[in-house]
Structures are given as structure tokens and as C-alpha cells.
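Novice: This is the structure I want to talk about, given as C-alpha cells.
The values are calculated or read from the model by the stated rules, or taken from the named source; none is laboratory data. Computed from a predicted model, the values in this text were never measured in an experiment. FYI the Cβ positions are ideal-geometry reconstructions off the backbone, even for glycines, and counts take in every protein chain you see.
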Amino acid sequence: MAPETEQRTDWTDRLLSSWAAVEPWFEGGIYEVTARISRIALHITRHQEEVFGRFGLNRGDVGVLSALRFAGPSRQLSPTQLFKGLMISSAGITSRLDRLEKRGLVRRERHPNDRRGVLVELTDEGRRVLDEAVKANTEAERELLATLDPIEARELASLLKKLLAGLET
């Protein structure tokens with residue numbers, strides 16, 4: 001990392017310093033990590049929403065389309081598989097699928113083995129729009145990480161992977 005980057009005071013430093021000044025019990029060391037991860041997540045979210053918005057999508061839409069894109073040879077999933085995998089509500093997936101289906105990006109069809117069931121599949125147009133949106137987002141995210149050299153980026157990825165593995169089962 002460039003020396004000037006290491007020396008700069010950021011929003012998190014100022015917040016933790018304020019807490020420490022008013023509360024002697026406050027130990028902000030852990031927040032040096034968690035507060036920064038939270039702020040970074042907000043920046044990433046804002047950038048992704050802006051990029052995906054250019055394609056008439058939001059982050060949730062991209063999640064659904066991506067899940068279908070990599071759902072195996074049939075590229076089909078049930079709404080239940082989608083909402084469980086994406087960790088959203090049943091109602092949330094229904095409204096999202098309604099919107100994506102209106103745009104012709106997904107198609108619903110009757111489940112061949114379950115009279116009450118439905119399968120959702122990605123259309124060719126859905127795949128095309130998804131691919132374009134992800135390609136544009138890749139460039140935007142590359143810019144977000146521009147302050148890290150490739151070795152630093154790999155080290156950070158490894159540490160974040162370790163942290164996330166400890167949080168998810």
C-alpha cells in the first residue's frame with residue numbers, strides 16, 4: 001500500500017476516536033475491521049446499484065438471474081430453491097420473478113413432476129442482459145479496488161474468505 005494511504009485518517013478513525021474520548025471503557029480495535037467492512041459494503045452496494053440500474057436491474061435481480069444461469073444443464077430452479085438460496089422471503093422472490101418475467105428475462109413453467117409446482121428458467125434475453133450487466137460491473141469493481149496492488153488484493157480476499165467461512169455454515 002502506498003505510504004500516504006496508510007497515514008490517512010478515515011471516517012472510521014474519527015468515529016472511534018470520538019467514542020474513546022467520551023467513553024473510557026470503549027475499546028475500538030474490533031471496529032477498525034467491522035466498521036470498515038460495513039462502509040466498504042455500502043460503497044460496493046451503491047456502485048453495483050448504479051451499474052446494474054443502467055440495465056434496468058438491481059442487485060437482487062442479478063442474484064436471481066445468476067442463480068438460474070448456473071443452475072445446471074436445465075438452468076431451472078423452483079421459486080423455493082431461489083428464495084432459500086438467495087436468503088430472501090417467499091413474497092420477495094415472487095415480486096422479483098413477476099418483474100423479471102414481464103421483461104422477458106425469465107420464464108415460469110409448470111413443474112413436470114409436481115402439479116402445484118413451478119420452475120423458473122433464464123431466457124436467452126435474460127442471459128444476454130445478465131452477461132452485459134456483470135461485465136460492466138466487473139470494470140466498476142476493478143476501479144473500487146484500484147488502491148490495492150494484485151498481491152494485496154489476493155491477501156485481502158484470503159482474509160475475507162477466512163472470516164466469512166467462520167460466519168457461514
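Novice: Return the residues of region 112-155 that are among the charged types (D, E, K, R) and either over 14 Å from Leu65 (Cβ atoms) or assigned to a loop (DSSP other than H, G, I, E, B) (or both); say none if nothing qualifies.
Specialist: Asp114, Arg115, Arg116, Glu139, Glu141, Arg142, Glu143, Asp149, Glu152, Arg154, Glu155
Novice: Among the residues in region 103-121, are any at pLDDT 85 or above, farther than 26 Å from Ala136 by Cα, surrounded by fewer than 18 Cβ atoms within 10 Å (Cβ to Cβ) and under 20 Å from the mean Cα position of the chain (by Cα)?
Specialist: No, region 103-121 has no match at all.
Novice: Could you list, in sequence order, all residues of region 76-98 that are charged (D, E, K, R) and surrounded by fewer than 18 Cβ atoms within 10 Å (Cβ to Cβ)?
Specialist: Lys84, Asp98
Novice: Does at least one position in region 50-61 carry a residue that is surrounded by fewer than 14 Cβ atoms within 10 Å (Cβ to Cβ), of a type outside the set (Gly, Ala, Ser) and over 16 Å from the mean Cα position of the chain (by Cα)?
Specialist: Yes.
Novice: Starting from residues that are among the β-branched types (Val, Ile, Thr) and under 15 Å from the mean Cα position of the chain (by Cα), keep the ones in region 133-164 and report whichever is nearest to Ile44 (Cα to Cα).
Specialist: Only one residue fits best here, namely Thr138.
Novice: Give me the pairs: first residue in region 41-70 and of a type in the set (D, E, K, R), second residue surrounded by fewer than 12 Cβ atoms within 10 Å (Cβ to Cβ) and not in a loop (DSSP other than H, G, I, E, B), beta-carbon distance under 9 Å, and six or more apart or on different chains, which are they?
Specialist: Here the result reads Arg59/Thr45, each pair linking region 41-70 to a residue that is surrounded by fewer than 12 Cβ atoms within 10 Å (Cβ to Cβ) and not in a loop (DSSP other than H, G, I, E, B).
Novice: Moving on. Restricting attention to region 122-169, and to residues there that are acidic (Asp, Glu) and within 22 Å of Val62 (Cα to Cα), which single residue is modelled with the lowest pLDDT?
Specialist: Ranking the candidates gives Glu168 first.
Novice: In addition: From the set of residues in region 126-160 that are within 11 Å of Phe55 (Cβ to Cβ) and basic (Lys, Arg), which is surrounded by the most Cβ atoms within 10 Å (Cβ to Cβ)?
Specialist: Among residues in region 126-160 that are within 11 Å of Phe55 (Cβ to Cβ) and basic (Lys, Arg), the one surrounded by the most Cβ atoms within 10 Å (Cβ to Cβ) is Arg128.
Novice: If you check Val51, Val33, which single one turns out to be assigned to a helix (DSSP H, G or I), touching a helix residue (DSSP H, G or I) at 6+ places or on another chain (Cβ under 9 Å), of a type outside the set (Ser, Thr, Tyr) and within 26 Å of Glu139 (Cβ to Cβ)?
Specialist: Val51
Novice: Going residue by residue through region 91-111, is there one that turns out to be within 30 Å of Ile30 (Cα to Cα) and either in contact with a His (Cβ under 8 Å, 6 or more places away or on another chain) or not β-branched (Val, Ile, Thr) (or both)?
Specialist: no
Novice: For Pro79, work out the one condition from (1) touching a residue at least 40 places away in the same chain (Cβ under 8 Å); (2) closer than 24 Å to Thr45 by Cβ; (3) in contact with a strand residue (DSSP E or B) (Cβ under 7 Å, 6 or more places away or on another chain) it doesn't fulfil.
Specialist: Of the numbered conditions (1) touching a residue at least 40 places away in the same chain (Cβ under 8 Å); (2) closer than 24 Å to Thr45 by Cβ; (3) in contact with a strand residue (DSSP E or B) (Cβ under 7 Å, 6 or more places away or on another chain), the odd one out for Pro79 is (2).
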